[in-house]
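Enquirer: Quick one: the structure is below, and I'll ask about it shortly.
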Amino acid sequence: MQFPSRGPQPIGIVFDSDLGDGVDGALALALVYGLEGKNEARLISTSTTKSSLKSAAFGDALARFFAGPPPAAGSFGGGFQRPAPPMGMADNGKLAADTPVLNAVLDKKTDDGKPVYPNGIVKLNDTADPVALIRNAMTAQVDQNCIVLLAGPATNLVKVMDLAGTLELIQRKVKLLIVAAGSYPEGTAADPRVKADVPAARRLFAEWPTPIVAVGTEVGEALPFPGASIGKDFAWVPAHPIVDAYRAFRPMPYDAAAPSMAAALYAAHPDSFKLSTVGAIAVLDDGRTRFTPKADGHSRYLTVDPDQKDKVIASYVELASAKPAPRQGGRGRPNQNIQKQDVPPPKPPEPNNQ
């Protein structure tokens with residue numbers, strides 16, 4: 001089903017990431033929550049590409065933290081706080097190992113032994129099937145008002161593509177796929193996010209039916225998140241999950257390469273960056289990526305605009321460190337039904353003008 005229109009809607013973002021492998025995915029998710037607070041985007045589904053209950057719990061803890069306080073009693077919403085949205089988790093039958101980032105956030109306790117960052121995920125049934133979650137999130141969107149942001153292996157998205165009728169659904173609903181992985185125009189080393197599932201990455205770049213923008217590691221290194229911000233801009237609260245995750249990832253001080261943050265900011269503010277010419281992205285057997293200009297291609301890669309560099313990094317800090325705003329009843333993210341739905345018959349795809 002498609003939700004009834006209440007006027008122009010901000011872009012809906014499907015966020016699929018290897019949450020907890022590093023700090024980049026968490027920073028990007030914090031930035032998307034900051035965009036939500038300014039009504040510049042809506043997070044319509046969140047999933048982890050890691051087969052890890054702790055990774056899913058980390059995503060759930062972030063969702064609860066960034067949901068903000070409930071509205072005051074007597075206000076619109078009556079003090080009711082919307083429950084945390086479903087958290088999708090890949091399940092390959094073998095749970096991935098914990099990481100310092102995950103442990104630092106999820107194992108942190110108050111003086112009386114309670115979790116500093118509560119979450120509701122302790123077993124597999126507490127998570128959602130990421131394939132159904134992503135497909136259903138797309139289904140609920142206005143045509144061409146969805147952006148898919150991938151900051152992890154392509155495993156989940158390729159499984160979405162394999163569902164009957166979903167390629168046509170993607171072409172109708174999704175404006176753009178942004179992939180924070182690889183390096184461009186040609187990688188000298190394999191990105192772990194690509195190397196983790198080379199066949200899936202190869203298929204994604206070759207068969208995904210909408211325009212693609214790739215954000216390479218070189219962009220992340222040129223536009224890092226400033227570590228000095230961690231002790232300053234997040235100090236409005238005694239404990240912040242992004243602060244704990246950042247400090248656990250590497251010894252301080254350091255600036256974190258942030259390709260996923262660039263991808264998330266591009267989703268809402270594309271004028272902050274430059275794009276390559278149109279072409280095709282190939283994935284080599286060793287996990288390296290290679291871009292070839294091609295007139296009939298449907299992929300581009302992001303490049304850094306030197307004149308926008310300071311503005312981009314300032315936006316990273318402002319959005320990721322923003323205080324969560326209370327969510328009013330009847331506003332915010334639509335409730336995602338994670339039950340498998342019948343996908344409606346697709347309309348004929350519109351011509352792609354990019």
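Enquirer: Within the range 210-224, can you find the residues that are of a type in the set (A, V, I, L, M, F, W, C) and closer than 23 Å to Asp296 by Cβ? Talk me through it step by step, then tell me what you get.
Expert: To start, the set of residues in the range 210-224 that are of a type in the set (A, V, I, L, M, F, W, C) comprises 212-215, 219, 222-223.
The answer is Ile212, Val213, Ala214, Val215.
Enquirer: Would you confirm whether any residue within the range 230-241 is closer than 25 Å to Tyr316 by Cα, among the small types (Gly, Ala, Ser), outside any loop (DSSP other than H, G, I, E, B) and out of contact with any Leu (no Cβ under 6 Å at 6 or more places or on another chain)?
Expert: No - not one qualifying residue is present in the range 230-241.
Enquirer: Taking the criterion of being under 19 Å from Leu62 (Cβ atoms) and of a type outside the set (A, V, I, L, M, F, W, C), would at least one residue in the range 202-225 satisfy it?
Expert: There is no residue in the range 202-225 that is under 19 Å from Leu62 (Cβ atoms) and of a type outside the set (A, V, I, L, M, F, W, C).
Enquirer: From Pro209, Pro153, grab the single residue that is in contact with a helix residue (DSSP H, G or I) (Cβ under 8 Å, 6 or more places away or on another chain) and either closer than 22 Å to Ala256 by Cα or of a type in the set (Val, Ile, Thr) (or both).
Expert: Sole residue among the options that is in contact with a helix residue (DSSP H, G or I) (Cβ under 8 Å, 6 or more places away or on another chain) and either closer than 22 Å to Ala256 by Cα or of a type in the set (Val, Ile, Thr) (or both): Pro153.
Enquirer: Checking Arg250 against (1) over 22 Å from Leu106 (Cα atoms); (2) of a type in the set (D, E, K, R); (3) surrounded by fewer than 17 Cβ atoms within 10 Å (Cβ to Cβ), only one condition comes out false. Which one?
Expert: Of the numbered conditions (1) over 22 Å from Leu106 (Cα atoms); (2) of a type in the set (D, E, K, R); (3) surrounded by fewer than 17 Cβ atoms within 10 Å (Cβ to Cβ), the odd one out for Arg250 is (1).
Enquirer: Same structure again: Which one is surrounded by the most Cβ atoms within 10 Å (Cβ to Cβ), of the residues in the range 268-292 that are touching a strand residue (DSSP E or B) at 6+ places or on another chain (Cβ under 7 Å) and either at pLDDT below 95 or part of a loop (DSSP other than H, G, I, E, B) (or both)? So that I can check it myself, show each step before the final result.
Expert: First, pick out the residues of the range 268-292 that are touching a strand residue (DSSP E or B) at 6+ places or on another chain (Cβ under 7 Å): 268, 273-284, 289-292.
If we keep only those that are either at pLDDT below 95 or part of a loop (DSSP other than H, G, I, E, B) (or both) as well, we get 273, 276-278, 284.
Working: Phe273: 20, Ser276: 16, Thr277: 12, Val278: 15, Leu284: 14.
Residue satisfying both the conditions and the ranking: Phe273.
Enquirer: Just to be sure I understand, how many residues within the range 165-189 are modelled with pLDDT of 95 or more and farther than 25 Å from Gln9 by Cβ?
Expert: So the answer is 5.
Enquirer: For the subset of the range 86-98 comprising residues that are buried (at least 21 other Cβ atoms within 10 Å of the Cβ) and in contact with a Lys or Arg (Cβ under 8 Å, 6 or more places away or on another chain), which member is nearest to Asp60 (Cα to Cα)? If you could, list the steps in order and put the result at the bottom.
Expert: Kept after step one, since they are buried (at least 21 other Cβ atoms within 10 Å of the Cβ), are these residues of the range 86-98: 86-90.
With in contact with a Lys or Arg (Cβ under 8 Å, 6 or more places away or on another chain) added as a condition, the list becomes 89-90.
Numbers: Met89: 11, Ala90: 14 Å.
The residue in question is Met89.
Enquirer: Okay, next question. Within the range 1-60, take every residue that is closer than 17 Å to Lys173 by Cβ and in a loop (DSSP other than H, G, I, E, B) and give me the one that is modelled with the highest pLDDT.
Expert: Pro10
Enquirer: Mind telling me which of the residues Pro349, Pro334 ends up being at pLDDT below 95, over 22 Å from the mean Cα position of the chain (by Cα) and surrounded by 13 or more Cβ atoms within 10 Å (Cβ to Cβ)?
Expert: The match here is Pro349.
Enquirer: Identify, please: which residue in the range 293-330 is under 21 Å from the mean Cα position of the chain (by Cα) and in a loop (DSSP other than H, G, I, E, B) and is, among those, modelled with the lowest pLDDT? Give the derivation first.
Expert: As a first pass, look at the range 293-330 and keep what is under 21 Å from the mean Cα position of the chain (by Cα): 299-304, 312-325, 327.
Those still in the list that are in a loop (DSSP other than H, G, I, E, B) too: 304, 321-325, 327.
On the way: Val304: 95, Ser321: 98, Ala322: 97, Lys323: 94, Pro324: 90, Ala325: 74, Arg327: 54.
Step by step, filter the range 293-330, then rank; the result is Arg327.
Results for (1) in contact with a helix residue (DSSP H, G or I) (Cβ under 7 Å, 6 or more places away or on another chain); (2) touching a residue at least 60 places away in the same chain (Cβ under 8 Å), shown as yes or no for each residue.
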site: Pro251; (1), (2): no, no
site: Asp255; (1), (2): yes, no
site: Ser260; (1), (2): yes, yes
site: Leu265; (1), (2): yes, yes
site: Asp271; (1), (2): no, no
site: Ser276; (1), (2): no, yes
site: Gly279; (1), (2): no, no
site: Gly287; (1), (2): yes, yes
site: Phe291; (1), (2): no, yes
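The values are calculated or read from the model by the stated rules, or taken from the named source; none is laboratory data. None of the values given here were measured: they were computed from a predicted structure. Ideal geometry is used to build each Cβ from the backbone, glycine not excepted, and the neighbour counts take in all protein chains shown.
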